[in-house]
1. Given (1) under 26 Å from the mean Cα position of the chain (by Cα); (2) in contact (Cβ under 8 Å) with a residue 24 or more places away in the chain; (3) surrounded by fewer than 20 Cβ atoms within 10 Å (Cβ to Cβ), where does residue 352 come up short, assuming only one miss?
2. Within region 584-621, work out how many residues are more than 21 Å from residue 502 (Cα to Cα) and assigned to a loop (DSSP other than H, G, I, E, B).
3. Would you point out which residue out of 180, 221 is touching a helix residue (DSSP H, G or I) at 6+ places or on another chain (Cβ under 9 Å) and within 25 Å of residue 63 (Cα to Cα)?
4. Could you say whether any residue in region 184-194 is in contact (Cβ under 8 Å) with a residue 60 or more places away in the chain and touching a helix residue (DSSP H, G or I) at 6+ places or on another chain (Cβ under 8 Å)?
5. Going by the structure shown, is residue 450 at pLDDT 85 or above, closer than 30 Å to residue 336 by Cβ, outside the structural domain of residue 32 (by TED's automatic domain parsing) and in contact with a strand residue (DSSP E or B) (Cβ under 7 Å, 6 or more places away or on another chain)?
6. Kindly evaluate residue 493 against the criterion of being on the phi < 0 side of the Ramachandran plot and more than 30 Å from the chain's Cα centre (by Cα).
């Protein structure tokens, strides 16, 4: 009797424990945690170990999880962010979603995968969404949030999130296919009236109420008010015949623009994450492994079709908005998965009989695999773009595409400074140089930045700074220096490498995004590497020393001591495991090989400075493995000995030249 009374608590505990373990394992395997929740749900569900067989109570809690998930999404939604990139966000997203809907509807209807056009449109809506969570996590880990492709992807994802609200608004009408036009019109009318009422409440009623609650400084009361708003609006939309999810999303939008939005989000996030784990686990409980195994070929085929198809849709759209070829390639590989909110649509479609159970399970398996493959695709996309840019046909196409916009520079320029990147840092560099009469040539791949360069009459080249084709036209051989102010660490590394291949003696100053970038950029040839956070500390320290009575020469000496050793004295010491991971990340961006110094090598017992490896071969030695030690980022005084193993980065011809040098050929 006692067990029966506490069955719900036991079931809830089992789901939460399994979700915690599954999420942890997924995180350790560098996979999205939601995949861990899906697997844990399957494991304890009726088709796994069978620990849970009555799912109705868990599903009720899961619906609350969906509501909190959509509410938090609405709070995080930023109209200001959308305005900043409105062209690609609104027009580009409409094109992407529209093309996906049309192509999926046509393909699924013609091939007989769906029963009628209506179901095809619904499947197209599911496939049109991409994963904000996975893309954002991958960009953050790679330090690429502020890159051109990072901003493009986030702009499209923000607009997709808004489109999700609209999809949820009209979805209930699909449950009445007999008179679709009438019920669709009714749903749209209800949604418009509801959005209008929500806008009025969000402007005149919600802010003062939330403000009054916040003034009590009672965190429990504030949390209760936020939950009431979220679930209350969701219930109103449900009563109107609209979806609960849309109501929660609109409630979030009502809070998004008020001054307490961050506080509301902070309070709701723990609840959102807890209940969202229940939602994804409840989806996992529906997985039938036999259906998946029986249709594994179909699922893999769908994965290929979805990822290739979405990439082919997104690539020309981004290119048509005057973004660079490389940005279009990386963005198309970053957005070609099916998003986590597609689970919400798919589950709702299952309720409305827009999907059969088999179709739902096939989409579920397809979505999970695309989420796993996304970080891998984003990792290799830059290398694919670089490879494609070497093809003559693509080079010719890009020249024709760019036309006159590609260049606005003198026919001949010398003694100039090339500035790669015209963002906040690049603009400061250009202003300092131009105010003192020095010639400058900017390299930029943002259309907005190009317009500023045109207005200020600054010579520029439109394109990716790390592109060899672009660098060949920047007169690097005649330049005095190169300043790199790009937001992308990988592009910065490639630019240093390519620039030194064209002009080996070029003075390069580069911006480092993270501590670990300092050593590698210096190692591959940058004369000076600047770390913004450290420089801010040095400026503040200099001011304090002056306040304390130190003279200018003493202050400069203190600053130069820290700069001279590449900030080593203020950087935390890093383990060999961390250094090895950094090296592997860097080496992946260019061709690399392991070489062994032969027993008869003429370079035995010579230092790297004496051999002058980079100047002679163009290759860079990242690691030297000795019998009793491993040297990461070896300096000029490092001794080369027979049987040392070298991790060498560079082009194949450069590595071949180094191999011959080691062999004395």
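1. For residue 352, the exception is condition (1).
2. Matching residues across region 584-621 total 10.
3. 221
4. No, the conditions are met nowhere in region 184-194.
5. So residue 450 fails the test.
6. Against the criterion (on the phi < 0 side of the Ramachandran plot and more than 30 Å from the chain's Cα centre (by Cα)), residue 493 does not qualify.
Residue-by-condition table, conditions (1) surrounded by fewer than 18 Cβ atoms within 10 Å (Cβ to Cβ); (2) touching a helix residue (DSSP H, G or I) at 6+ places or on another chain (Cβ under 6 Å); (3) modelled with pLDDT of 80 or more:
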residue	(1), (2), (3)
6	yes, no, no
15	no, yes, yes
20	yes, no, yes
23	no, yes, yes
26	no, yes, yes
29	yes, no, yes
33	no, yes, yes
68	no, yes, yes
76	yes, no, no
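A quick yes/no check of all residues on (1) out of contact with any helix residue (DSSP H, G or I) (no Cβ under 7 Å at 6 or more places or on another chain); (2) crowded, with 18+ Cβ neighbours inside 10 Å:
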site: 599; (1), (2): yes, no
site: 604; (1), (2): yes, no
site: 617; (1), (2): no, yes
site: 620; (1), (2): no, yes
site: 628; (1), (2): yes, no
site: 639; (1), (2): yes, no
site: 646; (1), (2): yes, yes
site: 655; (1), (2): yes, yes
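The values are calculated or read from the model by the stated rules, or taken from the named source; none is laboratory data. Predicted model, so just to flag it, every value in this text is computed and none were measured. FYI the Cβ positions are ideal-geometry reconstructions off the backbone, even for glycines, and counts take in every protein chain you see.
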